[in-house]
Ligand SMILES: Nc1ncnc2c1ncn2[C@@H]1O[C@H](COP(=O)(O)OP(=O)(O)OP(=O)(O)O)[C@@H](O)[C@H]1O
Ligand SMILES: [Mg+2]
C-alpha cells in the first residue's frame, strides 16, 4: 500500500530563480525505509518539508505537480494536523526543545491536539519507552545529551502515533554515540513498529544496512533511485561530482574488483563476496 505519492513535484521558493525540486516523482510503500541522498543544496530538506507540509504552508514557495501523503494533500491541510500522522525530526535537536521537563516536552503536541489527560500520560509513557528514555520524565530537555535530545524529539513525534517519520539529517550534530542511539531507535521503529521512515542522511554505511530504497537527488532532480546494492556501485567514481560518499566496502571492492565476486554495500556482503 503506498503511503506517499509524489508526481512531477516542483518547488520554487518565493523570490528564488532556481527550482529547489524539479519534477520529482516518487512512491513510498507502507513500512519502507527510504534514504534521501544528495549534495549540499540538492533538495533533500525541501523534499522532507514538502512531505510534512511545512513547504509551502509555513515557508512560502510555489509548488506544482501532485503530492499525496496518507491520502491527504499536505499543502491543503494545517501543518499541525498533518504532524499527527507524519512526525518530523530535524538536524538540531536543541532547537526543537521548548519545555522545562521531558514530560512536558512530549505532552506539548498532544495538548495542542486536544487529547485527554489519561491518553496523554499513556502515550508519553509508551513513546519514552520506545526511544529508551523511561525515567527521564522530570529531567530538563536542555541538560541531556544530543543523542537523548534527538530521541526525545522522536518521542514527541511518536506520542501522536504517526504512521510516517521524516528525519532530516537527524544525526549530523551528534557524536558517534548519539548517532548510534538515533539510528538504532529509528531502525527499531521501522522494523518492530512498522513505521514508514524517510530519512535524509549522509551516513552511507548505515543507509546501506537499513534502507529499502535510496533516492538520489541532484539539483532538485532524482538522478538515481533503487536499493543500496543497485545505487552505490553506480556512484563509485562519481562521488566528487554528486557530492556523496559510497560505503567504504563498495569503494574498496570496486578498486579491487578482481578480489570480489560482486560489489558489496555492507560489511557482511563484503565478507560474503570476498574471494578468499
Ligand atoms: N527557505 C528557503 N528560501 C529560499 N531558498 C531556499 C530555502 N531553503 C532552501 N533553499 C534553496 O533550495 C535549494 C535546495 O535546498 P535544500 O535545503 O532543500 O537542500 P539540501 O539537499 O537539504 O541541502 P543541505 O545538504 O545543505 O541540507 C538550494 O538551492 C537552497 O539554496
Ligand atoms: Mg538539508
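Is there a residue being modelled with pLDDT under 95 and more than 14 Å from ligand 2 (Cβ to nearest atom) anywhere in the stretch 98-105? Yes, the stretch 98-105 has at least one match. Closer than 22 Å to residue 212 by Cα, surrounded by fewer than 19 Cβ atoms within 10 Å (Cβ to Cβ) and either at pLDDT 95 or above or near ligand 1 (Cβ under 9 Å from one of its atoms) (or both): which single residue out of 51, 70 fits that description? Answer to the selection: 70.
Of all residues in the stretch 12-38, those that are touching a helix residue (DSSP H, G or I) at 6+ places or on another chain (Cβ under 6 Å) and within 13 Å of ligand 2 (Cβ to nearest atom) total 4.
The number of residues in the stretch 80-117 that are under 20 Å from the mean Cα position of the chain (by Cα) and either under 19 Å from residue 146 (Cα atoms) or buried (at least 17 other Cβ atoms within 10 Å of the Cβ) (or both) comes to 18.
Among 243, 226, 178, which is the only one that is surrounded by fewer than 21 Cβ atoms within 10 Å (Cβ to Cβ), at positive phi and modelled with pLDDT under 95?
Details: 226 fails: modelled with pLDDT under 95; 178 fails: at positive phi.
Answer to the check: 243.
Which members of the stretch 169-220 meet the condition of being more than 20 Å from residue 86 (Cα to Cα), touching a strand residue (DSSP E or B) at 6+ places or on another chain (Cβ under 6 Å) and assigned to a loop (DSSP other than H, G, I, E, B)? Across the stretch 169-220, the qualifying residue is only 220.
When you scan the stretch 41-53, do you find a residue that is over 26 Å from residue 153 (Cα atoms), in contact (Cβ under 8 Å) with a residue 24 or more places away in the chain and either within 16 Å of ligand 2 (Cβ to nearest atom) or touching a helix residue (DSSP H, G or I) at 6+ places or on another chain (Cβ under 7 Å) (or both), even just one?
Of the stretch 41-53, the ones over 26 Å from residue 153 (Cα atoms) are none.
Scanning the stretch 41-53, I find no residue that is over 26 Å from residue 153 (Cα atoms), in contact (Cβ under 8 Å) with a residue 24 or more places away in the chain and either within 16 Å of ligand 2 (Cβ to nearest atom) or touching a helix residue (DSSP H, G or I) at 6+ places or on another chain (Cβ under 7 Å) (or both), so the answer is no.
Within the stretch 7-22, being part of a loop (DSSP other than H, G, I, E, B) and farther than 13 Å from residue 41 by Cβ holds for 14, 15, 17. Based on this model, can you work out whether residue 220 counts as out of contact with any helix residue (DSSP H, G or I) (no Cβ under 7 Å at 6 or more places or on another chain) and surrounded by 21 or more Cβ atoms within 10 Å (Cβ to Cβ)? Yes: the conditions hold for residue 220.
Quick one: how many residues across the stretch 13-42 are near ligand 1 (Cβ under 9 Å from one of its atoms) and under 17 Å from residue 60 (Cβ atoms)? Final tally of qualifying residues: 8.
Beta carbons closer than 8 Å, at least 6 apart along the sequence or on distinct chains, pair a first residue in the stretch 5-16 that is at pLDDT 95 or above with a second that is away from ligand 2 (no atom under 16 Å from the Cβ) and not in a strand (DSSP E or B) for 11/56; 13/60.
The values are calculated or read from the model by the stated rules, or taken from the named source; none is laboratory data. What you are looking at is a predicted structure, and each value in this text was computed from that prediction instead of being measured. Cβ atoms come from the backbone with ideal geometry, glycine included; neighbour counts cover every protein chain shown.
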